[in-house]
Structures are given as structure tokens and as C-alpha cells.
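All remarks here apply to the structure that follows.
Just so it is clear, none of the values below were taken in a lab; they were calculated from the coordinates. This structure is a prediction, so every number in the text was calculated from the model and none was measured. Here the Cβ positions follow ideal geometry from the backbone for every residue, glycine too, while neighbour counts run over all protein chains shown.
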């Protein structure tokens, strides 16, 4: 029986992968540097490994990971969150016999950078919104003039510190937070879309485009539905072929009222789109580089994080007067956490949230910042 080690086990996408691998005959081990009962308590998981923080204890992380690979005789290492960058950094210290589902660190960093990614897209002949790299608010204001813009740190996640000025940068706007360089980008009106793909050496092996209908404060989505947009399919395939990418990769897009699609940023890791694939869909084969052709989800049913949809989603619907549509959306979507016969992850997630809240309080962070504080990657060392 082949064995997979899934990293970032705190995340629902890791739980989703674990269930699919187990369903398709794999032995599943999960690992993380934070509380990860969400995945560890699933019937699909045979063992859980606690790792040091790859951000704060990189050498200890590499040693512990190598030991876990040897102890559990792992065949495939699958990162899901920002530990992918640290994994790529330490790839040389891991057994060569183990497949690591990721590209090299230089490419990952270029894709993760909200500035370098735009340059990479242009190399592929893909049009992107006008943008500039700045370090001060005055620089951003000088570049933008009176146009509407979005301001975001070059390295960030889940919308942290992102600012939207639809009517131009306000006169009384506060100075940029000291988190490195920023990207100022012309605001593009349109429909927000996302894509999730798996690739192997430049071949697109699995792919879905989806609409993040319900989101947490404009950030991570918790209700999503697949879409058909050939223009995005072609651009994703071109980017993957141009870079020779291996692993999981996601893009955020804007579809203009005229039907043009613009890539906004890239996340070279797993995202919510993985939930749209079913248990029988051959993502494990794709992640091993063994899939033939390109896989799409076998079902068009929307998916949701049920507990979040029932709380934050209901609150949003009530405030926006969309109660009837919320009820219909809740009825027709599939919960990706609390599955029949495997409901313990739902309770494990509550334990994880309590642990996260305690850590956030101790380190004086909000929950969004605390959720990735130990694994974040903010660029290659100078």
C-alpha cells in the first residue's frame, strides 16, 4: 500500500486530500506545526506527526520531516499551505526516493510574489492590470493619480492588509504597514473567479475554475461552485507550460463586463477548489505525475464549509437581505468537513480553533494572522 504524508493538516484542503487518498487505497499520514485535529481525527488518517515551525525553526523542521519520512516509509509528500516554500527549500535534505509534489523554491517564490507573478504572466503574453511596486503611500498616490486602485503587500495571504480605494487613494489614508514592498494595482471592475490546478513538469493534469460566492471578510471562501471559462483554462495551461511547474497551483481572476479575464495573483499551493473534486476523482494519480489527460471534477455540485456557512454565511445573508438565496445555497451544497461516517473532524476543528485563539491572544495577533504565523513565507532571504 503506498503512503502519503500530507502537510498543513490544519487546513480543510488537507482533510479533503486525506479522504481521497485513503478512499483510493493509500495509507495517509498527516503533519503540521500547529493543532491539526481537523484532519488527524478523520478515519482516513492512520497517523499524525507534530513538526517544528518551518518559519521559526527551519533546521529542526527539516530534520523532523526527514525522520517522519523514514519512520513511516512515505512515498509522496504533499504540501497544502505555505509550508510548501520551506519544503522546497529543504528538498535536498530529504530522501531522493520520496516524491515531493512541488517545484523548486525560486519558481515558487516568483509565483508567490504579487509583483514578480505579473511579470511572469506578461512573459506568457497574458495581459495583466497596470501595476507598480512601491514602498510608501506617496509613491502609490503619485503612480495612481485619481484612479481607483488596490494596494497589497508583495507577500501576503488571505487578504491581509489589502486596501481598496475605488475613488482613488484617500487624502487621509494611513501610511503603509511596514511589511516590505507593496503592489499598487489599477482596480478592475468585474466578477471574481478562482482556479485550482495540478501540474507535473509543465503538463496540466487536473483543473477547475470556480466562483467564491461566500467569503470571510473578502478573503477565504467557504461556499464555491465550479464554472466553465475556456479563456482561463488556456491561460493556466500557458503559464504552467511556460514555467514547467510541478505541484498544486491556484490563481485569482477578474472577469470584466466585456468578458476579458485578468489574472490578479497566484498561490502555488492548495486552495478551496480541491473540494470540488470527488472521492473517486484521480487527484492522487495527478499528484504522482501519472495521470493521463486533464482531469475535471466529476460532479458540478457546489461545496461549502458547513459550519462557517451556517454561522458567518447566515449572518452575511441576514445583513444583506439574502435569506432566501442563502437557504437555497445551503440546501444544494455539499459540506466538505462533516461527512456521514466521518464527523469527528468537525469537532476536531473546534479544538483547533480554540488552540488558534489562545495562540493569537498570546502573540497579539488576529485570528487570520495567527492561522499562518508559523508557516508564512515572505520572500527569499536578501
Radius of gyration, Dmax [the stretch 170-329; alpha carbons; angstrom]: 17.5, 55
Expected max-MSF residue from 167, 24, 185 in the GNM of the chain (alpha carbon, under 10 Å) is 167
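Relative contact order (percent) for the chain, with alpha-carbon contacts under 8 angstrom and 6 or more residues of separation? Mind dumping the intermediate values first?
On the way: 771 pairs, mean separation 71.1, N = 382.
It rounds to 19 percent for the chain.
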On each of the three principal axes the extent of the alpha-carbon atoms of the stretch 25-144, given in whole Å and largest first, is 56, 29, 29
Choice from 101, 199, 68 showing the highest fluctuation, given a GNM over the chain with Cα pairs closer than 10 Å: 68
With label points built 7 Å along Cα→Cβ from the Cα atoms of residue 340 and residue 97, find their separation and express it in nm. 4.2
5 Å-binned pair-distance histogram of the stretch 220-298 (Cα, whole percent): 3, 11, 21, 28, 22, 10, 3, 1
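Suppose only helical runs count, i.e. DSSP H with n ≥ 4. What mean residue ellipticity at 222 nm does that imply for the chain under -39500 (n - 2.57) per run, divided by all residues and rounded to the nearest 500 deg cm²/dmol? Write out the running numbers ahead of the final one.
Details: 13 runs with 122 residues, N = 382.
That calculation yields -9000 deg cm²/dmol at 222 nm.
What is the percent of Cα-Cα separations in the stretch 17-58 that go past 13 Å?
Values: 449 of 861 pairs.
The answer is 52 percent, as a whole percent.
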The stretch 130-186 - percent relative contact order, Cα under 8 Å, separation 6 or more: 52
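By the gyration tensor of its Cα atoms, with a ≥ b ≥ c the square roots of the eigenvalues, what is the shape of the chain: rounded for a/c under 1.5, prolate for a/b over b/c, or oblate? Write down the numbers at each step before the final one.
Details: a/c = 1.38, a/b = 1.27, b/c = 1.09.
The shape class here is rounded.
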Alpha-carbon spread of the stretch 1-91, three principal axes, descending order, Å: 34, 23, 17
Taking Cα atoms of the stretch 130-186, Rg/Rh with Kirkwood Rh, to two decimals? 0.91
Roughly what angle does helix 344-363 make with the longest principal axis of the chain, taking Cα atoms, 0 to 90 degrees, to the nearest 10? 50
Out of 232, 292, 249, any idea which swings most in a Gaussian network model of the chain, alpha carbons joined below 10 Å? 292
Inter-centroid distance (Cα atoms) of the stretch 232-259 relative to the stretch 57-129, Å: 19
Which log10 I(q)/I(0) values does the stretch 102-212 give at q = 0.13, 0.18 Å⁻¹ under the Debye formula, counting every alpha carbon as one identical point scatterer? -0.58, -1.02
